[in-house]
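Presented below is the structure to which this report refers.
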Amino acid sequence: MSRIGNLPISIPAGVTVSYNDGVVSVKGPKGELSQKVDSSIKVNIEDAQITFEVDENSPVNYKQKQAFHGLYRSLVNNMVVGVSEGYKKELELVGVGYRVSNQGNVIEFALGYTHPIFIQLPKEVKVETKSERNQNPLLILESCDKQLIGLICAKIRSFRKPEPYKGKGILFKGEVIRRKSGKSASAK
């Protein structure tokens, strides 16, 4: 049995969870999310808790059932946490002349290329930019959908991946990049 899949999810106050036709819907103060669940997993909602069980009679093979058991429990847990508390990611732009600004949900990056980079965010994501003197520009993303915010952060990081020699690039706030010494250090 999956150890993660066996853990029950407690439903916080203000959050409603429903399960019909293989789809779990979670609604809370921060938004509404839904997730399709495979037929090999049974979802039980009772006493302000959600539990997941493997359906032994389904035609899916044993290993796949075990994988689904933990997967869907984690996905639904992320949804419950997202609609109640939300998720927040902070990205820091480290580099000379790197800038970020936003107008609504359109973000403009100046990352040392010959042209600015624009990215349009979905309406589910709230964005805020901070540019203070003698500080690296900061990009703050908030959403109730953990998968969506992770995908957007990965896309933004792909514009300028952190590099190990000078430490420049787009980093998560507080992320430490392992630095390498350049070729001048090995010449001795």
Here the residues within region 76-109 that are over 25 Å from S25 (Cβ atoms), among the small types (G, A, S) and either within 19 Å of the chain's Cα centre (by Cα) or open to solvent by 40 Å² or more (accessible area, probe 1.4 Å) (or both) are G97, S101, G104
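Would you say G22 is touching a residue at least 12 places away in the same chain (Cβ under 8 Å) and surrounded by 16 or more Cβ atoms within 10 Å (Cβ to Cβ)?
When the stated conditions are applied, G22 does not pass them.
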Would a scan of region 65-85 turn up a residue that is in contact (Cβ under 8 Å) with a residue 40 or more places away in the chain, part of a strand (DSSP E or B), closer than 21 Å to E124 by Cβ and touching a Leu at 6+ places or on another chain (Cβ under 8 Å)?
no
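Looking for something within 27 Å of N77 (Cβ to Cβ) and of a type in the set (S, T, N, Q) - is there at least one such residue anywhere in region 127-147? It would help to see each step written out before you state the result.
So the first thing to find is which residues in region 127-147 are within 27 Å of N77 (Cβ to Cβ), and the list is 127-128, 139-147.
From what's left, of a type in the set (S, T, N, Q): 143, 147.
Yes, region 127-147 contains at least one residue that is within 27 Å of N77 (Cβ to Cβ) and of a type in the set (S, T, N, Q).
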Entirely in region 110-188, the strands (runs of 3 or more DSSP E) that have 1 or more residues that are small (G, A, S) and either at negative phi or open to solvent by 90 Å² or more (accessible area, probe 1.4 Å) (or both):
138-143
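The values are calculated or read from the model by the stated rules, or taken from the named source; none is laboratory data. Keep in mind it's a predicted model, so treat the numbers as computed, not measured. Glycine also receives a Cβ, built like all others from the backbone with ideal geometry; neighbour counts cover every protein chain displayed. Protein only, heavy atoms only, side chains kept; ligands, DNA and RNA dropped before computing areas. Shrake-Rupley method; radii C 1.70, N 1.55, O 1.52, S 1.80 Å.
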